[in-house]
Amino acid sequence: MRLIFLGAPGAGKGTQARALAAQQGIPQIATGDMLREAVAKGSRLGTEAKAYMDRGALVPDEVVVGLVAERLGRSDTKPGFILDGFPRTVVQAEALERLLKEREIEVDRVVFFDVSEGELLRRLTGRRVCRGCGATYHVVFSPPERAGKCDRCGGELYQRDDDSEATVRRRLVVYTEQTSPLLDYYQSRGLLARVAGEGSPEEIGRAVVRAVRGR
Ligand code: AMP
């Protein structure tokens with residue numbers, strides 16, 4: 001099962017990718033998480049990436065493609081993987097196609113999470129993330145039982161630097177301009193499946209499974 005989860009920031013890709021990857025025993029490869037880890041470590045790559053991320057811009061293609069190439073080379077991707085937040089530009093999609101071709105494998109399905117802009121804004125600006133396990137909450141729609149603490153692991157919840165309203169608006173523009181052309185790209189390859197991304201996580205999860213099975 002080799003999948004790409006595509007959609008605007010806040011569309012629910014991460015939540016659904018985490019659940020399906022755990023259920024299938026395959027890795028979730030989230031470039032945003034990988035970049036945030038590099039930033040937290042203070043590596044050279046992290047320092048370079050942070051400047052782009054803080055202003056809601058995309059990190060240069062060659063940097064992200066390098067990260068993904070290295071990650072796909074690890075043996076845990078053999079049974080499959082879910083790419084979450086990659087590719088985000090046509091250049092990245094073409095690089096991915098070459099990477100997979102070298103390994104004589106193909107993507108099985110691209111799942112697009114369709115969510116309205118108003119809903120994306122509401123979700124992102126209220127989003128809180130666990131430092132420990134990466135679980136996400138929303139201050140209004142899905143608050144944790146204890147304020148500021150993760151229900152699953154007790155970790156501290158924080159607001160991502162790029163979830164401020166101004167940066168969120170910028171990220172949505174970047175999505176429309178640079179990432180949404182991928183819908184046509186994958187549609188023309190017969191790989192695109194559209195999922196309505198508004199509803200309960202469980203409902204959306206069931207729609208994802210149907211989309212992946214091609215029904
Ligand atoms: P995300 O967690 O997927 O919303 O990503 C957070 C930020 O990391 C984005 O706003 C970009 O700055 C950067 N990023 C993540 N994935 C990519 C990618 N595939 N290409 C370029 N930048 C990325």
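The values are calculated or read from the model by the stated rules, or taken from the named source; none is laboratory data. In this text the structure is predicted, and so the values were computed from the model without any measurement. Cβ atoms come from the backbone with ideal geometry, glycine included; neighbour counts cover every protein chain shown.
Answer yes or no as to whether GLY56 is under 17 Å from the mean Cα position of the chain (by Cα) and either under 13 Å from ILE4 (Cα atoms) or within 14 Å of the ligand (Cβ to nearest atom) (or both). The answer is yes for GLY56.
In the range 59-102, of all residues being under 17 Å from GLU37 (Cβ atoms), among the charged types (D, E, K, R) and loosely packed, with under 14 Cβ neighbours inside 10 Å, the one that is farthest from the ligand (Cβ to nearest atom) corresponds to ASP76. Scanning the range 95-123 for residues that are assigned to a strand (DSSP E or B) and among the basic types (Lys, Arg) gives a single hit, ARG109. When the residues of the range 187-208 are filtered to those that are part of a helix (DSSP H, G or I), under 17 Å from the mean Cα position of the chain (by Cα) and modelled with pLDDT of 95 or more, which remaining residue is surrounded by the fewest Cβ atoms within 10 Å (Cβ to Cβ)? The extreme case among them is GLY205.
Within the range 116-158, the set of residues being of a type in the set (Gly, Ala, Ser) and over 17 Å from GLY197 (Cβ atoms) comprises GLY132, GLY134, ALA135, ALA147, GLY148, GLY154, GLY155.
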